[in-house]
Amino acid sequence: MTLLKTSALALSVYLSASSGGSAAPGASYDQLVAFFKEWRAFQKPRLANGVPDYSAAAMAAQQRGLEDMKRRLAAIDPSGWPIPQQVDYQIVRAELSGLDFDHRVLKPWANNPGFYVTVFDEESDQPAREGPFALGAVELWSYPLPLSAESAAAIAGGLKPIPALLAQAKTNLTGNGRDLWVWGTKALRDQSKVLTGFGAGLDARAPAALRTNVDAARKATDDLVAWLDARAASKTGPSGVGIANYDWYLKHVQLVPYDWAEVVTLMERELARSQALLAMEEIRNAALPPLMPVASADEYDRRFNAAVTEYMAFLRDREILTVTPDMDPALRARIGKYSAGPREFFSEVDYRDPEIMRTHGYHWFDKARMAHDPNPSPIRKDALLYNIFNTRTEGHATGWEELMMQAGMFDARPRARELVYILVAERAARALGELYMQANVMTLEQAAAFACANTPRGWLRLDGQLVRGEQHLYLQQPGYGPSYLVGKIEIEKLIAERREQLGEKFTMKGFMDGFNAVGLIPASLVRWEMTGKQSDELKKMLE
């Protein structure tokens with residue numbers, strides 16, 4: 001059974017879960033679905049001559065309209081609905097809270113130059129691209145080469161609004177946060193490089209309109225970069241949202257059952273735990289030869305393809321989840337190519353044991369399922385806004401690494417266990433960097449140095465590109481850095497609860513099939529739907 005053919009199973013699971021409420025599905029839930037469609041249209045900025053309008057006047061008008069949307073949603077009472085429909089209601093409420101936070105606190109259109117990056121040459125492994133961005137993304141990677149006439153026209157059309165949008169940015173950008181300003185400028189420089197490379201790669205048959213729009217978008221990007229550089233010295237303020245705002249965001253948007261201080265404690269615990277267990281693994285494995293990184297293109301292709309094969313066999317033979325024929329190619333298509341270096345952090349891990357990061361590649365299973373077997377709920381069918389799926393997507397992918405290790409995946413290669421704990425330590429260190437940046441007790445550069453200093457073996461290089469790119473994302477998108485481990489913790493709680501509820505009937509395969517059927521929603525809501533009860537922490541969040 002392929003992912004293309006599992007929609008009937010997902011629908012039956014959803015309808016079965018929906019049948020236990022005291023009120024039959026009816027006008028009230030239909031009202032929510034209708035409201036959701038209207039909300040998604042409202043959330044987008046208005047277009048002026050095909051260009052999204054993020055001007056102060058337009059944003060003020062949207063903020064006023066949001067108050068009416070919030071009142072209308074509050075008038076819908078979901079308390080008698082089946083649990084999956086109540087979960088849908090909370091998803092919609094969280095999305096409205098995300099836009100509310102944008103208007104009250106983040107104001108990315110005014111504070112964050114990186115918001116105006118809209119051209120991307122690499123696919124995100126998430127349901128929607130990480131971080132806040134203006135409307136109108138041009139995903140160059142999604143168009144097969146050589147470009148068809150239709151693809152060329154689509155790209156040209158997507159690039160056409162960029163000069164006007166970036167000209168508008170010069171009026172919109174009034175913030176004083178230095179790190180957001182400086183690193184957002186760098187992100188725009190990177191966009192210019194992407195456009196330059198794309199333009200250089202066009203063959204002689206490329207339409208003139210495409211060439212013209214690529215060149216115009218690049219020139220507009222360079223012009224905005226120069227404008228930003230000229231004002232950078234005057235930007236001296238902090239870029240974090242502050243602890244009180246961070247607490248609000250975790251509770252109302254991310255639906256995370258912890259506040260800033262509690263997340264700091266959890267991340268410190270994960271950092272200490274991973275480093276201590278790494279030390280024990282190193283003692284246990286002291287007599288074994290070190291893991292040597294891949295050293296050639298041939299070795300890379302052989303070992304990475306073998307890793308996918310071995311991983312798929314492990315999942316199938318241990319009956320950990322339902323393995324469909326679509327899963328193997330979803331991973332194999334993203335193996336990538338060998339690079340002689342210098343290596344960044346994840347390559348240091350990947351090149352020593354390629355199977356470990358294939359477990360984190362659960363993202364590609366999620367995306368394949370989302371594309372070919374969408375969730376039957378109309379509210380969960382597409383990616384949720386404001387990255388509020390991250391405790392599920394990043395949390396599960398991160399937790400899956402350690403779960404597969406405990407299930408025996410690396411028993412034949414004990415030194416691979418060391419890599420799993422190094423990964424946990426890096427996630428905890430960079431999460432703490434985010435928490436300190438958002439509290440305005442660290443700059444981005446200090447957070448990067450902190451993450452590097454607390455990642456074992458010096459593999460997170462301060463002279464590399466990764467660490468600052470990660471911290472910049474986490475500065476723009478509160479809660480993202482800790483989501484890897486917060487989500488991991490919440491999903492571990494869920495496994496424990498389901499095992500207790502089901503007793504001898506519990507199987508990992510049954511758990512994972514149900515887990516996948518729920519969809520890509522916050523881990524706290526996955527837990528509610530699968531257990532049939534709200535945790536005490538969730539009750540407090542939904543008050």
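The values are calculated or read from the model by the stated rules, or taken from the named source; none is laboratory data. Everything numeric here is computed off the predicted structure, so don't read it as measured data. FYI the Cβ positions are ideal-geometry reconstructions off the backbone, even for glycines, and counts take in every protein chain you see.
Return yes or no: is residue 352 assigned to a loop (DSSP other than H, G, I, E, B) and of a type outside the set (Val, Ile, Thr)? Yes: the conditions hold for residue 352.
Identification of helices (runs of 4 or more DSSP H) wholly contained in segment 217-329 with 3 or more residues that are among the hydroxyl-bearing types (Ser, Thr, Tyr) and within 28 Å of the chain's Cα centre (by Cα) yields 297-317.
Filtering 490, 497, 504 for residues that are modelled with pLDDT of 95 or more, buried (at least 24 other Cβ atoms within 10 Å of the Cβ) and among the charged types (D, E, K, R) leaves a single hit, 490. Right, residue 406: among the polar types (S, T, N, Q), in the same structural domain as residue 265 (by TED's automatic domain parsing) and closer than 18 Å to residue 357 by Cβ or not? So residue 406 passes the test. Residues in segment 385-402 that are over 11 Å from residue 488 (Cα atoms) and part of a helix (DSSP H, G or I): 385, 386, 387. Report whether or not residue 105 is under 26 Å from the mean Cα position of the chain (by Cα) and under 30 Å from residue 359 (Cα atoms). Spelling it out, it is not the case that residue 105 is under 26 Å from the mean Cα position of the chain (by Cα) and under 30 Å from residue 359 (Cα atoms).
Filtering segment 124-141 down to residues that are over 20 Å from residue 184 (Cα atoms) and in contact with a strand residue (DSSP E or B) (Cβ under 9 Å, 6 or more places away or on another chain), which residue is surrounded by the fewest Cβ atoms within 10 Å (Cβ to Cβ)? Applying the filter and picking the extreme gives 141. Scanning segment 108-126 for residues that are closer than 17 Å to residue 471 by Cα, over 18 Å from the mean Cα position of the chain (by Cα) and small (Gly, Ala, Ser) yields nothing. Do we have any residue at all in segment 108-130 that's acidic (Asp, Glu) and within 24 Å of residue 29 (Cβ to Cβ)? Within segment 108-130 (the criterion being acidic (Asp, Glu) and within 24 Å of residue 29 (Cβ to Cβ)), the answer is no, since none of the residues qualifies. Can you tell me which residue is surrounded by the fewest Cβ atoms within 10 Å (Cβ to Cβ) among those in segment 17-29 that are modelled with pLDDT under 95 and either part of a helix (DSSP H, G or I) or within 29 Å of the chain's Cα centre (by Cα) (or both)? Of everything passing the filter in segment 17-29, 27 is surrounded by the fewest Cβ atoms within 10 Å (Cβ to Cβ).
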